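Some notes on the structure that comes next.
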Amino acid sequence: MDYNIKGGFNDWAVSQAYYAMYHGLLAILYMFGYESKNHECTISAVEHLIETKKIELDINDIAFIRTTEQMKLQDAKSLREEFQYGTKTDINKEILNNLVKRAKEIVEKIEIIVS
């Protein structure tokens, strides 16, 4: 993410932020012997692990990753879809900085869970 931001490829940084968090969720599922090939199923499965107290991850972190009807267009999945499949290549710096900061925080939490 940082490398692409420095190079002016903010659209790729958005995708990388999302996928860093998403692959972290996949690692959690793998830890429990599960596999997923669907983004929403992966997110829902980890949400279930949180609700059943099998892992300690903030449900707000999941809300940040997930696209729901209540979320603003600033959630990670919506941003990733917009920049990966759309024609936009520039993103508001404040939104990008928040996305990168939150992605790093969430990935660090996941690293603790899987270690």
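None of the figures in this text is laboratory data; all of them are computed from the coordinates on show. Bear in mind that the values here come from a model prediction, so they are computed numbers and not experimental data. Quick reminder, even Gly has a Cβ in these numbers, built from the backbone with ideal geometry, and neighbours come from all protein chains shown.
The candidate values are (i) 36; (ii) 25; (iii) 30; the one derived from this structure for percent of Cα pairs over 22 Å apart carries the label (iii). For residue 9 and residue 30, the difference between the fully extended length at 0.36 nm per residue and the C-alpha to C-alpha distance is 4.4 nm. Once both axes come from the Cα atoms, what is the angle between helix 39-51 and the longest principal axis of the chain, in degrees from 0 to 90, rounded to 10? Here the helix axis deviates by roughly 50 degrees. Lysine pairs in the chain whose alpha-carbon atoms fall under 19 angstrom of each other, counting only those eight or more residues apart or on distinct chains, come to 18.
Using the alpha-carbon atoms, what tilt in degrees (0 to 90, nearest 10) does helix 10-31 show relative to the longest principal axis of the chain? Helix 10-31 sits roughly 10 degrees off the main axis of the chain.
Taking the fewest neighbouring Cβ atoms within 10 Å as the starting point, the ordered list for 5, 95 is 95, 5.
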